[in-house]
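The values are calculated or read from the model by the stated rules, or taken from the named source; none is laboratory data. From a predicted model like this one, the values you see are computed outputs, not experimental measurements. Ideal geometry is used to build each Cβ from the backbone, glycine not excepted, and the neighbour counts take in all protein chains shown. Protein only, heavy atoms only, side chains kept; ligands, DNA and RNA dropped before computing areas. Shrake-Rupley method; radii C 1.70, N 1.55, O 1.52, S 1.80 Å.
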Amino acid sequence: MQAQLSLAQLAARCGGEIVGNPNLLITGVASLASAQAGELSFFSGASVQQLAATTAGAVILAKDDPGADQVPATVAKWLVAGAPRTYFAHAIEQLYPPAAPAVSGVSPAANIHPQAEIAAEVAIDAGAVVAAGAQIGNGCTLHAGVIIGRDCKIAAGCVLYPRVVLYPRVVLGENCTLHAGVVIGADGFGYTDNSAGGIDKVRQLGSVRIGNEVEIGANSAIDCGTLDDTIIGDHVKIDNLVQIGHNVTIGENSIICGQTGIAGSCRIGKYCVLGGKVGIADHIEIGDGVRVAGASNVTHHVKAGETVSSILPAMPIRQWRRLIVNLRRQKTTK
Amino acid sequence: MQAQLSLAQLAARCGGEIVGNPNLLITGVASLASAQAGELSFFSGASVQQLAATTAGAVILAKDDPGADQVPATVAKWLVAGAPRTYFAHAIEQLYPPAAPAVSGVSPAANIHPQAEIAAEVAIDAGAVVAAGAQIGNGCTLHAGVIIGRDCKIAAGCVLYPRVVLYPRVVLGENCTLHAGVVIGADGFGYTDNSAGGIDKVRQLGSVRIGNEVEIGANSAIDCGTLDDTIIGDHVKIDNLVQIGHNVTIGENSIICGQTGIAGSCRIGKYCVLGGKVGIADHIEIGDGVRVAGASNVTHHVKAGETVSSILPAMPIRQWRRLIVNLRRQKTTK
Amino acid sequence: MQAQLSLAQLAARCGGEIVGNPNLLITGVASLASAQAGELSFFSGASVQQLAATTAGAVILAKDDPGADQVPATVAKWLVAGAPRTYFAHAIEQLYPPAAPAVSGVSPAANIHPQAEIAAEVAIDAGAVVAAGAQIGNGCTLHAGVIIGRDCKIAAGCVLYPRVVLYPRVVLGENCTLHAGVVIGADGFGYTDNSAGGIDKVRQLGSVRIGNEVEIGANSAIDCGTLDDTIIGDHVKIDNLVQIGHNVTIGENSIICGQTGIAGSCRIGKYCVLGGKVGIADHIEIGDGVRVAGASNVTHHVKAGETVSSILPAMPIRQWRRLIVNLRRQKTTK
């Protein structure tokens, strides 16, 4: 399942220079600690001991990395101008071309509405359901059990893993990857008090528009907009079990880590990084390039470029008990 | 997809009075900032500038709202006695009757056990599976891939979006809406230490009973009870990715926002509001009308009517670092 | 659905001695407060009033429990040497043998690739999809809509509830239970900056190996490893909506409660207990037997046997406001 490439061929495609045997055939990739002869690894400065002891065939290093002296003489060095991890990722792309989908064409056990428009070259597996008016672009893969609502538009090259659900009218840009269990376009959580002391649902009329090259992790959910659409920009990367409320907009190239929740009507800028388990209150505006530390909760607008945090790190239980006692004392005496 | 109604017709059905052209045909709804001629919007006091600049056809306002003076002369005013947002929601109900389901009747690609009882008028889409002994009431829609376990009872008018799973014996009241990926009745998380130093599973024998008019968001999970049932009261609204443990009871009209988790055996009162990302420890009792601020963790019982919080709001990273240093200092010196 | 056993028969199988009528036929199990004549309950010391008022047929108690004096004379006592709840769990196993699966054999509405290897005695329900090269062991149940990727290996006795998804090459040990909506083996969240100021995906080449007797709750997600596999040890119990990142290893017999998230490359020891809503930062090492209080966030390594916490318990809103004011004041004046 892997291309046969020499170190020199890899460097020709990805950049950098080889010190050692350029004809070494790379048979795989692995971490520094577990790589064997013939395998490629990389060094990012984490553990010089691991580097000195590696049995890898070749290691990618930054060309000015002083650790280069520690590489065993039998190990080829691939010296690069940028982050070794980036070169490593690019080498993997060369060595492991993406697997062909498990099916090609439309499985007879899929359920395609006659009024859906399916491009010529697609892979649609058993149990997938495509409703009327939906458009599936060329090169798309719908894995088993994917469900596409009415009038959805899926551009070319998208991969939808098993059991992804798109509600009606969702728009996906090119080359998006949605992992298993993702739900796009369910109703936003909108209610209004009624005169009987109860609550009435506010109908959610919008949908969700997702840009190009977006990736969304397993079992995450993005709600439809109330009136307008919820919007996810190009190149946004969203991890597992993330909740994105109605009317949110997220700027291009932002990264949202696992279990983060963004309440309704927030505007998140471009190139932001939200750590895992972050909470953003509704209607918050977050500028471009903002970083929010994991497990922090944002209740005020954040200006472009700022880094914010409210994580309280876990501590031994006795220290924590004293801390809570002190906090309570402050509350009552001041 | 939208009814043609004049302003006067809407006011006749929903209440309030029209100042301006009562015969204006409403062609859609939109936010103040984006509404065009012929479209209806509403003003809740948020931005008088937006109100003054709106190009909507008509705007709903509270009849004593001083902002009414700011409405452009070309825009009709619909003055109401209550919250404009509530009237707006009711107008939407008039203008956008619910879409007919994508299918009517039972899809030949659904899988209905011969011993299931299916009412005469239902919509069951491809890939749905209904087990023996299950009852599906009149007017129910089971979207594609919905899976109904043995002996479940689903009352009239329920809508189950794609891939909802009900474990055996779950009971749903009338007019419930369950969004895609919801799981009801999976085993509660119950274990007991065994004599070998390990843990044994405690079999979970109960199920889940859900009242009328309950809505549950995408990918949320409600566990079955250990002995008795987990119980969700009438009109409860639950957002996405919420976890509700075994033996919990939630009183009617309570609202649970996204990513909140309620551990086993809690009792939540009526008319409570739990914000997003709230955590409730096991066996906690929360009275009627309690409000829990988002991202707060409840470890003690809360009396009826109280509002509680423990959210720590995110701050610039340097302030946060000082805060952590100060908290640590307190821990060690006192 | 329940075996007819007398108290004496139960004690013979589970241990302990009967004080009262040993021939009492047990017709069910229930909590102390709701048990009726013929039903078995247990007392763990929680509420002596409930014990004194119980109408159960029999109650399990620790043999040295002073509460034994409070048991009504009409109620049989089953005195045990260990935790009553453990005996109660074992009695339930005797009284309620596991239900036979809803199907036996392979449903004609399942979709099994001809190159999958299916053991002789399995139950595979409608809509399940098994890809080429997958192996399904004897005694396994794949409920409706389960999707098994290429080359997965599922050992004997596993139960996969509706809509579980296994990505390719996932390995499950014996007698695992995966609840509805679980996703195993989706891509880890790995990206690297590219020279254009954007981000490139790092291909995720590993898979997930899961030991014996593991249980995983509804809609939880475990990502594949980047190079090596993500590893879950024997007897690990994972609750609902849990996120486990790429390259994580979890030692045997550890317990992970609902909505907890473990970021990439963490190593969690054996016999750990992580409460609900816990967050563990990436690359953290947690020793054997560690306990993390619910809603705590771990950002440093934790040594074996420690208990750590950072939960801030919710308090009345006015106290909370004072607390926040005090914390802010500290930040600015010190």
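Of A:His179, B:His246, which has the most accessible area and how do the rest follow, probe 1.4 Å?
B:His246, A:His179
Tell me the net charge near A:Ile136. Cut-off is 14 Å between Cβ atoms, A:Ile136 excluded, with +1 for each Lys or Arg and -1 for each Asp or Glu.
Spelling it out: positives minus negatives among the neighbours equals -3.
How many Å³ per residue does the convex hull of the Cα positions in the range A:75-168 occupy?
124 Å³
Taking the Kirkwood radius as the inverse of the mean 1/r across Cα pairs, report the Rg/Rh of the range C:41-88.
0.90
In whole percent, how big is the carbon plus sulfur part of the accessible area of the range A:1-94, probe 1.4 Å, protein atoms only?
Carbon plus sulfur share of accessible area: 52 percent.
When only the heavy atoms of the protein chains count and the probe is 1.4 Å, how do B:Arg291, A:Arg163 rank by accessible area, highest first?
The ordering from most to least exposed comes out as B:Arg291, A:Arg163.
Given a 1.4 Å probe and the protein chains all in place, what does the accessible area of B:Arg13 round to, in Å² to the nearest 10?
Counting only protein heavy atoms, the figure is 140 Å².
Please report, for the Cα atoms of the range B:223-329, the Rg to one decimal and the Dmax as a whole number; what are they, in angstrom?
When restricted to Cα atoms, the range B:223-329 yields Rg and Dmax of 15.5, 51 Å.
Evaluate the charge dipole of the range C:35-118 about its Cα centre and quote only its size in Debye, nearest 20, assuming +1 on the Cβ of each Lys and Arg and -1 on the Cβ of each Asp and Glu.
Charge dipole of the range C:35-118: 80 debye, to the nearest 20.
Measure off 7 Å from each Cα along the Cα-to-Cβ vector at C:Gln94 and B:His301, then give the distance between these two points in nanometres to one decimal.
3.6 nm
Compare the Cα positions of A:Asn194, A:Ile244, A:Gly133 along the charge dipole of the range A:130-248 (+1 at Cβ of Lys, Arg; -1 at Cβ of Asp, Glu; about the Cα centre) and return the one farthest towards the positive end.
Selected residue: A:Gly133.
Identify the GluC sites (Glu not before Pro) of the range B:69-126 meeting these criteria: DSSP loop state and at most 16 other C-beta atoms within 10 Å of the C-beta.
Within the range B:69-126, the qualifying GluC sites (Glu not before Pro) (loop, at most 16 other Cβ atoms within 10 Å) are B:Glu121.
With Rg and the Kirkwood Rh both taken from Cα atoms, where does Rg over Rh land for chain B?
Here Rg/Rh amounts to 1.07.
When the chain is fully extended, how far beyond the present Cα-Cα distance does A:Glu285 get from A:Thr27, taking 0.36 nm per residue of separation?
Taking A:Glu285 through A:Thr27 to full extension adds about 88.1 nm, to one decimal.
Need one value: the accessible area of B:Arg169 in square angstrom, 1.4 angstrom probe, rounded to the nearest 10.
Roll a 1.4 Å probe over it and B:Arg169 shows about 100 Å².
Where q = 0.05, 0.06 Å⁻¹, what log10 of I(q)/I(0) comes from the Debye formula for the protein assembly as shown, counting one point per Cα?
-0.31, -0.45
Taking every DSSP beta bridge that has both residues in the protein assembly as shown, what percent is antiparallel when rounded to the nearest 5?
15 percent
So what is Rg over Rh here for the range A:274-334, counting just Cα atoms and using Kirkwood for Rh?
So for the range A:274-334, dividing Rg by the Kirkwood Rh gives 1.12.
For A:Gly197, which inter-copy label distances result when the label point lies 7 Å beyond Cα on the Cα-to-Cβ vector, reported in nm to one decimal and in ascending order?
Once sorted, the set of distances for A:Gly197 reads 5.8, 5.8 nm.
Determine the per residue accessible area of the protein assembly as shown with all protein chains present and a 1.4 angstrom probe, expressed in square angstrom.
38 Å²
What's the carbon and sulfur percent of the range B:157-280's accessible surface, probe 1.4 angstrom, rounded to a whole number?
Percent of accessible area from carbon and sulfur atoms in the range B:157-280: 45.
If you project the alpha carbons of the range B:159-290 onto the principal axes, what extent comes out on each, in Å, largest first?
Computed over the range B:159-290, the largest-to-smallest principal extents equal 47, 32, 23 Å.
For the range C:169-215, what's the radius of gyration and Dmax over Cα atoms, in angstrom?
That works out to 15.5, 49 Å for Rg and Dmax.
Report the B-C buried area as the accessible area lost on both sides summed, probe 1.4 Å, in Å² to the nearest 100.
Summing both chains' loss of accessible area gives about 4800 Å².
Report the calculated FRET efficiency for C:Arg322 and C:Ser47 (r = Cβ-Cβ distance, R0 = 45 Å), to the nearest 0.05.
Efficiency, from the Cβ-Cβ distance: 0.80.
Report the normalised scattering of the range B:1-154 as log10 I(q)/I(0) at q = 0.12, 0.14, 0.16, 0.20 Å⁻¹, calculated by the Debye formula with identical scatterers on the alpha carbons.
Log-scaled intensity ratios, in q order: -0.62, -0.68, -0.75, -1.02.
Lys and Arg at +1, Asp and Glu at -1: add these up for the other residues within a Cβ distance under 13 Å of B:Ala68 and post the number.
Around B:Ala68, the charge tally is -2.
Students often get this wrong, so check it: of B:Lys153/B:Lys201; B:Lys237/B:Lys277; A:Lys270/C:Lys201; A:Lys201/C:Lys277; A:Lys63/A:Lys237; B:Lys277/C:Lys270, which have C-alpha atoms separated by over 20 Å?
B:Lys153/B:Lys201; A:Lys201/C:Lys277; A:Lys63/A:Lys237; B:Lys277/C:Lys270
Given the options C:Val80, C:Asn111, C:Tyr96, identify the residue whose Cα lies farthest towards the positive end of the charge dipole of the range C:3-122 (+1 on Cβ of Lys, Arg; -1 on Cβ of Asp, Glu).
Selected residue: C:Val80.
Report, in debye and to the nearest 20, how large the dipole of the range B:161-296 comes out about its Cα centre when Lys and Arg carry +1 and Asp and Glu carry -1 on their Cβ.
So the dipole magnitude of the range B:161-296 works out to roughly 220 debye.
Could you state the principal axis extents of the C-alpha atoms in the range A:1-82, from the largest down, to the nearest angstrom?
Over the range A:1-82, Cα extents along the principal axes are 31, 25, 19 Å.
In the Gaussian network model of chain B, springs joining C-alpha atoms below 10 Å, which of B:Gly294, B:Gly305, B:Gly15 carries the largest mean-square fluctuation?
Of B:Gly294, B:Gly305, B:Gly15, the Gaussian network model singles out B:Gly15 as fluctuating most.
Leaving ligands, DNA and RNA out of it, work out the accessible area of B:Lys270 with a 1.4 Å probe and give it in Å² to the nearest 10.
Surface accessible to solvent at B:Lys270 totals approximately 90 Å².
Would you work out if the range B:136-218 is rounded, prolate or oblate? Take a ≥ b ≥ c from the square roots of the eigenvalues of the alpha-carbon gyration tensor; rounded if a/c is under 1.5, else prolate when a/b is larger than b/c, oblate otherwise.
Prolate is the answer for the range B:136-218, as a/c is 1.5 or above and a/b outweighs b/c.
Under a plain spin-label model, where a point goes 7 Å from the Cα along Cα-to-Cβ, how far apart in nm are B:Ala68 and B:Thr55?
Distance between label points: 2.7 nm.
Run the dipole for chain B about the Cα centre, Lys and Arg Cβ at +1, Asp and Glu Cβ at -1, nothing else charged, and hand back the magnitude in debye, nearest 20.
It works out to roughly 1540 debye.
Using only DSSP helix segments of four residues or longer, with each worth -39500 (n - 2.57), what per-residue ellipticity at 222 nm results for the protein assembly as shown after dividing by its residue count and rounding to 500?
It lands at -4000 deg cm²/dmol.
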